[in-house]
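**Student:** I am attaching a structure below and will ask some questions about it afterwards.
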Amino acid sequence: MRSVAVDTKAKSYEILIEEGVLDNPAEHLEKVWTRRRCVILTDTNVYPLYAKKVSKNLSEAGFENIVITVEAGEKSKSWQTLSNVVSQIADFGLTRGDGLIALGGGVVGDLGGLCASLYMRGISFVQFPTSLLAQVDSSVGGKTAIDIAQGKNLVGTFYQPDLVLIDPLVLKTLDERVTVEGYAEVVKCAAMVGGTFWQLIEKIDDAQAILKHAPELIQRSVAFKAEVVTKDEKEGGLRKLLNFGHSIGHAVELLADGRLLHGEAISIGLAEVNRIFESRGLTEEGTTQAICDRLQAVGLPLEDELFSDLRVTDIMKHDKKVSKAALTFVYLKKIGEPEMFSVSLDELQRFIEK
């Protein structure tokens, strides 16, 4: 079993990575929770695959539970879904000593974490991420959120889980497109870390290679994110590095309105932000091509016509990283050397234009 520790001011917890760990999650849950009632939050894609098995396993171990299912997809990160889920939690009669388990991808994790942080001002929370994107990114670090019309993840909290259980075997049940989109976040991490992590990325040329190396890719990505989160839990400085490619990516994703998956939009964001900074001589020549090669090798997109839409800039002006009328971009001096660069909102459109 691979294990990564996260140690923040709010809480210390483990991320356990092992093939088959979801066959008996109660074995690990018992180490962090006493017997209690819990809600398993999942979505319509994951429910038929894992929800019944996990629910049965927990029941047999003495964790009385119900399963709440939301529609799969980004649109479930909404006020209405949040309200519906919290109402169902209340109807089940959870108390402050009970808990919520997020069994699903990033949407379920973000929504579940927010519900857990708000219900009775905070109940216990555990993540069982079932997509590569959630396993390497959203299940780690305690960010929870829903979307509003003005942008992604603008309403949320920082709320750390008690445990994260990652089973790489679940990736084999995913559609290839969903596996590949999560890989964009792996490339993001590897580009900032460099060294042997980047060398591993250079071996990945298709979706099957992602699955073959999944345990190591997940562990390396999680270890990098855990190190950053431990030093900066609430994005006061260093944690902003994790937004590499996201300011552009989130704007394109919002405008795409479901046509692009999150990781696909982040792939475009990574390609575009590197082109911008390399064209200005701030990024070492050839870095953009190296990153684009790794993204393109597995079929991720590098550009989209939406990037030329003037609304991209308007959305970016509402980005969470805006401070003192300036947006902070993360870029690479070269592979393994991330930096930050602030651009005033007045100059933003001119700065990102090709």
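**Student:** Is one or more of the residues making up the range 273-282 among the basic types (Lys, Arg) and in a helix (DSSP H, G or I)?
**Tutor:** Taking every residue of the range 273-282 in turn, at least one turns out to be among the basic types (Lys, Arg) and in a helix (DSSP H, G or I).
**Student:** List the pairs whose first member sits in the range 39-52 and is under 9 Å from Ala72 (Cβ atoms), whose second member is open to solvent by 20 Å² or more (accessible area, probe 1.4 Å) and among the charged types (D, E, K, R), and whose Cβ atoms are under 7 Å apart, counting only residues at least 6 apart or on separate chains?
**Tutor:** Asp43/Glu71; Thr44/Glu71
To keep it simple, each residue is scored yes or no on (1) open to solvent by 20 Å² or more (accessible area, probe 1.4 Å); (2) more than 16 Å from the chain's Cα centre (by Cα); (3) within 16 Å of Val140 (Cβ to Cβ).
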{"residue": "Phe224", "(1), (2), (3)": "yes, no, yes"}
{"residue": "Arg259", "(1), (2), (3)": "yes, yes, no"}
{"residue": "Arg275", "(1), (2), (3)": "yes, yes, no"}
{"residue": "Cys292", "(1), (2), (3)": "no, yes, no"}
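**Student:** I need the full set of residues from the range 73-113 which are touching a Phe, Trp or Tyr at 6+ places or on another chain (Cβ under 9 Å), open to solvent by 40 Å² or more (accessible area, probe 1.4 Å) and either part of a loop (DSSP other than H, G, I, E, B) or acidic (Asp, Glu) (or both), in order please.
**Tutor:** Matches in the range 73-113: Arg96 only.
**Student:** Turning to a different aspect of this structure: Of all residues being over 16 Å from Asp7 (Cα atoms) and not in a helix (DSSP H, G or I) in the range 228-255, which is most open to solvent (accessible area, probe 1.4 Å)? Just the residue, please.
**Tutor:** Here the answer is Gly236.
To keep it simple, each residue is scored yes or no on (1) within 25 Å of the chain's Cα centre (by Cα); (2) among the charged types (D, E, K, R); (3) in the same structural domain as Glu253 (by the TED database).
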site: Val46; (1), (2), (3): yes, no, no
site: Val54; (1), (2), (3): yes, no, no
site: Asn57; (1), (2), (3): no, no, no
site: Asn65; (1), (2), (3): no, no, no
site: Thr69; (1), (2), (3): yes, no, no
site: Thr81; (1), (2), (3): yes, no, no
site: Phe92; (1), (2), (3): no, no, no
site: Gly109; (1), (2), (3): yes, no, no
site: Arg121; (1), (2), (3): yes, yes, no
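**Student:** Suppose we keep only residues that are of a type outside the set (A, V, I, L, M, F, W, C) and in contact (Cβ under 8 Å) with a residue 40 or more places away in the chain within the range 294-307. Which one would you say is most open to solvent (accessible area, probe 1.4 Å)?
**Tutor:** Checked the range 294-307; the qualifying residue most open to solvent (accessible area, probe 1.4 Å) is Gly299.
**Student:** While we're here: Of all residues in the range 230-249, count the ones that are over 15 Å from Ala265 (Cα atoms), touching an Asp or Glu at 6+ places or on another chain (Cβ under 6 Å) and either basic (Lys, Arg) or in contact (Cβ under 8 Å) with a residue 24 or more places away in the chain (or both).
**Tutor:** 2
The values are calculated or read from the model by the stated rules, or taken from the named source; none is laboratory data. Because the structure is a prediction, the values reported are computed rather than measured. No Cβ is skipped: glycine too gets one built from the backbone with ideal geometry, and neighbour counts run over all protein chains shown. When the accessible area is computed, the model is the full protein with side chains, heavy atoms only, and any ligands, DNA or RNA have been set aside. Shrake-Rupley method; radii C 1.70, N 1.55, O 1.52, S 1.80 Å.
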